[in-house]
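Trainee: To start, I am sharing the structure in question, which I have written as structure tokens.
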Amino acid sequence: MPQTLDQQKMQTRNLIGGKWIDADSGDEFAVLDPATDEHIASVPRCGTAETRRAIDAAAEAFKPWSARPAVERYRMLRSLADAMMRDQDRLARLMTSEQGKPLAEAKGEVAYAASFIEWAAEEAKRVYGETVPASFADKRILVLRQPIGVTACITPWNFPLAMITRKLGPALAAGNTMVVKPAEDTPLSAIALGELAVEAGVPAGVVNIVTGEAKAIGEELLDNPKVRKLSFTGSTPVGKLLLQKSAKNLTKLSLELGGHAPFLVFDDADVDAAVKGAIASKYRNMGQTCVCANRFYVQDGIYDAFAGKLSEQVKTMKIGRGLDDGVQVGPLINDDAVEKVQRHVDDAVQHGAKVLTGGALAKVDGLTNRFYEPTVIDGFTPEMLINHEETFGPVAPLRRFKSEEQAIEWANDSIYGLAAYFYTRDASRLMRVAEQLEYGIVGANDGAPSTVQAPFGGVKESGFGREGGKYVMDEYTEIKYVSWQL
Ligand code: ADP
């Protein structure tokens, strides 16, 4: 088995007010490699008291941090992005070890994560206000943009670095401080990021990292009036819970929640491009992304060609430990994830769908039972679980459609509204369909639309708020109006 990490040198504690600390109780929890169940490290099991201290540290650090010229914050964040890229290989190996994704994808994620810090650093210099013409000769109207104060984020395990940096980057760039609560399965990437932030000169208390009891930490973040903003990426039920709890202090929220992306292929599509896009969208990260295609609607005339080519390519994907060469499909994150994927496949088969390829656990010598064969299913129908629950696994269910109208109706028939995809070579249809899809992100002949320059976020029960692009600072600044009588 390859030696993955230098466990002696790894930082595993929490960062509060510039100090690396253990839980008050001394309790820890284990971080395991999902491919092998190897114990990688243990991290502190913190709760309410430690979170409160992290918030106090962030509150103390806020004034001096926000008072710095923007260009100084730019330089520090720029150094952080550079350090991430310098350590790209190390961070990627750490990520693959705790999360399972193929190493090439982990390297890609490190670069993607660093790009959010770099982009936000640049935007720090461009937080512009306005002057507005007044109705009286002796009055002036000024509009200022100011940081919010202490902010917090709660993040998931599927993108252990990028989901943090796309919140942390703009928060810090705008002059806020932050308490970060990473997912239980992947705290080590977050802690490694904290170390690099310290190295880049980010002052004590500006970034704080707390691992442990999700419920207790989340409750303190929303119970404590010092926290003015919480950004959450995760499931819709937890997002709704946080929304309810945010009522106490009217804490601002950004919520990037679940998705159930439709993927439409029209008769006039380039079938090879559609298959390539389907693989990028569906099988990246073993199907564990919130923008993953979850339902494929394919028009009658192209259905057989698309189903055949997709199944053929999916069959050749290399399954194995993410650290091994050429692996394209790693383990799912945990046993519950495997159980859910199998349940969706079994339910589809019971209701009459046919498995074209995959459909079972993949046995890999010496590794855990969390590897699932990339799967294609023919003929899913509305009553199946897979039609409305997020599968979060490598399963592509296909359904035939006849008309554009029908495809759009089916595509929009969801409580979710995060991402949608479609393939066509007809320019008029492209615009027509893009406008009608009730989703925050639309990939038009593109299976991988996520990028730092663009606003990422959903509608309906996929949440609200946008991350990325020129919109990033909107989420982390307040607008103040100054009415000036001369
Ligand atoms: P996923 O299905 O991706 O695990 P979750 O919404 O359960 O989605 O988890 C996303 C993040 O939310 C994780 O960091 C997790 O620890 C955190 N979390 C889960 N339950 C709660 C809760 N009740 N309050 C605050 N955070 C929570």
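Trainee: Mind telling me which of the residues Gly358, Gly366, Gly379, Gly393 ends up being of a type outside the set (Val, Ile, Thr) and in contact with a Pro (Cβ under 7 Å, 6 or more places away or on another chain)?
Mentor: Numbers: Gly366 fails: in contact with a Pro (Cβ under 7 Å, 6 or more places away or on another chain); Gly379 fails: in contact with a Pro (Cβ under 7 Å, 6 or more places away or on another chain); Gly393 fails: in contact with a Pro (Cβ under 7 Å, 6 or more places away or on another chain).
Step by step, each of Gly358, Gly366, Gly379, Gly393 is checked, and only Gly358 is of a type outside the set (Val, Ile, Thr) and in contact with a Pro (Cβ under 7 Å, 6 or more places away or on another chain).
Trainee: Shifting gears a bit: Inspect segment 303-310 for any residue being in contact (Cβ under 8 Å) with a residue 40 or more places away in the chain and closer than 19 Å to Val433 by Cβ and give the result as yes or no.
Mentor: In the first step, residues of segment 303-310 are kept if they are in contact (Cβ under 8 Å) with a residue 40 or more places away in the chain; the result is 303, 306-307, 310.
If we keep only those that are closer than 19 Å to Val433 by Cβ as well, we get 303, 306.
Yes, segment 303-310 has at least one match.
Trainee: Can you name every residue in segment 133-162 that is part of a strand (DSSP E or B) and either at pLDDT below 95 or within 18 Å of Ala190 (Cα to Cα) (or both)? I'd like the intermediate steps shown before the answer.
Mentor: Step one: of segment 133-162, the residues part of a strand (DSSP E or B) are 139-147, 150-154.
If the condition is that a residue be part of a strand (DSSP E or B) and either at pLDDT below 95 or within 18 Å of Ala190 (Cα to Cα) (or both), then Thr151, Ala152, Cys153, Ile154 are the ones that fit.
Trainee: When segment 216-240 is examined, which residues are found to be over 14 Å from Ala54 (Cβ atoms) and more than 12 Å from the ligand (Cβ to nearest atom)?
Mentor: Selection gives Pro225, Arg228, Lys229.
Trainee: For segment 342-361, state whether one or more residues are β-branched (Val, Ile, Thr) and under 23 Å from the mean Cα position of the chain (by Cα).
Mentor: No, that holds for no residue.
Trainee: Also, I was wondering about something else. Is segment 246-261 home to any residue that is open to solvent by 10 Å² or more (accessible area, probe 1.4 Å), basic (Lys, Arg) and in contact with a helix residue (DSSP H, G or I) (Cβ under 7 Å, 6 or more places away or on another chain)?
Mentor: Yes: segment 246-261 contains one or more residues that are open to solvent by 10 Å² or more (accessible area, probe 1.4 Å), basic (Lys, Arg) and in contact with a helix residue (DSSP H, G or I) (Cβ under 7 Å, 6 or more places away or on another chain).
Trainee: What number of residues within segment 163-187 are away from the ligand (no atom under 14 Å from the Cβ) and in a helix (DSSP H, G or I)? Outline the logic, then answer.
Mentor: Here is the first cut: in segment 163-187, the residues away from the ligand (no atom under 14 Å from the Cβ) are 165-166, 168-178.
Among the residues that remain, those that are also in a helix (DSSP H, G or I) are: 165-166, 168-173.
Count: 8.
Trainee: Out of (1) among the aliphatic types (A, V, I, L, M); (2) open to solvent by less than 40 Å² (accessible area, probe 1.4 Å); (3) closer than 30 Å to Gln436 by Cβ, the odd one out for Leu356 is which?
Mentor: Condition (2) is where Leu356 drops out.
Trainee: For Gly457, only one of the following conditions fails: (1) touching a strand residue (DSSP E or B) at 6+ places or on another chain (Cβ under 9 Å); (2) of a type in the set (Gly, Ala, Ser); (3) open to solvent by 20 Å² or more (accessible area, probe 1.4 Å). What is its number?
Mentor: It is condition (3) that Gly457 fails.
Trainee: Continuing with this model, one more query. Report yes if Ala274 is over 28 Å from Ala444 (Cα atoms), of a type outside the set (Lys, Arg) and over 17 Å from the mean Cα position of the chain (by Cα), otherwise no. Lay out the reasoning, then the answer.
Mentor: Details: over 28 Å from Ala444 (Cα atoms): no; of a type outside the set (Lys, Arg): yes; over 17 Å from the mean Cα position of the chain (by Cα): yes.
Against the criterion (over 28 Å from Ala444 (Cα atoms), of a type outside the set (Lys, Arg) and over 17 Å from the mean Cα position of the chain (by Cα)), Ala274 does not qualify.
Trainee: Output the residues belonging to segment 28-50 that are touching a residue at least 60 places away in the same chain (Cβ under 8 Å) and part of a loop (DSSP other than H, G, I, E, B).
Mentor: Those that are touching a residue at least 60 places away in the same chain (Cβ under 8 Å) and part of a loop (DSSP other than H, G, I, E, B): Asp33, Pro34, Ala35, Thr36, Asp37, Arg45, Gly47.
Trainee: A further question follows. Can you pull out the residues in segment 313-353 that are free of Cβ contacts under 8 Å to residues at least 40 places away in the same chain, open to solvent by 50 Å² or more (accessible area, probe 1.4 Å) and either farther than 23 Å from Leu385 by Cα or out of contact with any strand residue (DSSP E or B) (no Cβ under 9 Å at 6 or more places or on another chain) (or both)?
Mentor: Answer for segment 313-353, where residues must be free of Cβ contacts under 8 Å to residues at least 40 places away in the same chain, open to solvent by 50 Å² or more (accessible area, probe 1.4 Å) and either farther than 23 Å from Leu385 by Cα or out of contact with any strand residue (DSSP E or B) (no Cβ under 9 Å at 6 or more places or on another chain) (or both): Gln313, Thr316, Lys318, Asp325, Gly326, Asp335, Asp336, Glu339, Asp346, Gln350, His351, Gly352.
Trainee: Next question, about the same structure. Collect the residues in segment 148-160 that are out of contact with any Leu (no Cβ under 6 Å at 6 or more places or on another chain) and within 15 Å of the ligand (Cβ to nearest atom), keeping them in residue-number order. It would help to see each step written out before you state the result.
Mentor: Step one: list which residues in segment 148-160 are out of contact with any Leu (no Cβ under 6 Å at 6 or more places or on another chain), which gives 148-151, 153-160.
Selection gives Cys153, Ile154, Thr155, Pro156, Trp157, Asn158, Phe159, Pro160.
Trainee: Ok, one more. Output the residues belonging to segment 192-209 that are touching a Pro at 6+ places or on another chain (Cβ under 8 Å) and surrounded by 24 or more Cβ atoms within 10 Å (Cβ to Cβ). Spell out the reasoning first.
Mentor: Step one: of segment 192-209, the residues touching a Pro at 6+ places or on another chain (Cβ under 8 Å) are 203, 209.
Passing the criteria: only Ile209.
Trainee: Go through segment 1-28 residue by residue and tally those that are modelled with pLDDT of 95 or more and either over 16 Å from Ser97 (Cβ atoms) or exposed (fewer than 15 other Cβ atoms within 10 Å of the Cβ) (or both). Before the answer, list the steps.
Mentor: Narrowing segment 1-28 to residues modelled with pLDDT of 95 or more: 11-28.
Within this subset, residues satisfying the condition of being either over 16 Å from Ser97 (Cβ atoms) or exposed (fewer than 15 other Cβ atoms within 10 Å of the Cβ) (or both) are 13-28.
Qualifying residue count for the region: 16.
Trainee: Let me ask another. I'd like the full set of residues that are open to solvent by less than 60 Å² (accessible area, probe 1.4 Å) and in a helix (DSSP H, G or I), limited to segment 210-237.
Mentor: Residues of segment 210-237 that are open to solvent by less than 60 Å² (accessible area, probe 1.4 Å), as a first pass: 210-212, 214, 216-218, 220-222, 224, 227, 229-236.
Within segment 210-237, Ala214, Ala216, Ile217, Gly218, Glu220, Leu221, Leu222, Thr236 qualify.
Trainee: Check Ala121 against each of (1) surrounded by 20 or more Cβ atoms within 10 Å (Cβ to Cβ); (2) closer than 28 Å to Asn249 by Cβ; (3) of a type in the set (Gly, Ala, Ser) and name the one condition it does not meet.
Mentor: (2)
Trainee: Is it the case, given these coordinates, that Val291 is assigned to a helix (DSSP H, G or I) and among the hydrophobic types (A, V, I, L, M, F, W, C)?
Mentor: Numbers: assigned to a helix (DSSP H, G or I): no; among the hydrophobic types (A, V, I, L, M, F, W, C): yes.
No.
Trainee: Could you pull out the residue among Leu250, Leu241, Leu255 that is farther than 30 Å from Ala35 by Cβ and assigned to a strand (DSSP E or B)? Steps first, please.
Mentor: Working: Leu250 fails: assigned to a strand (DSSP E or B); Leu241 fails: assigned to a strand (DSSP E or B).
Being farther than 30 Å from Ala35 by Cβ and assigned to a strand (DSSP E or B) holds for just one of Leu250, Leu241, Leu255, which is Leu255.
The values are calculated or read from the model by the stated rules, or taken from the named source; none is laboratory data. This structure is a prediction, so every number in the text was calculated from the model and none was measured. Counting neighbours? That spans all protein chains shown, and the Cβs are built from the backbone with ideal geometry, glycine included. These area figures cover heavy atoms from the full protein model, side chains too; ligands, DNA and RNA do not enter into them. Shrake-Rupley method; radii C 1.70, N 1.55, O 1.52, S 1.80 Å.
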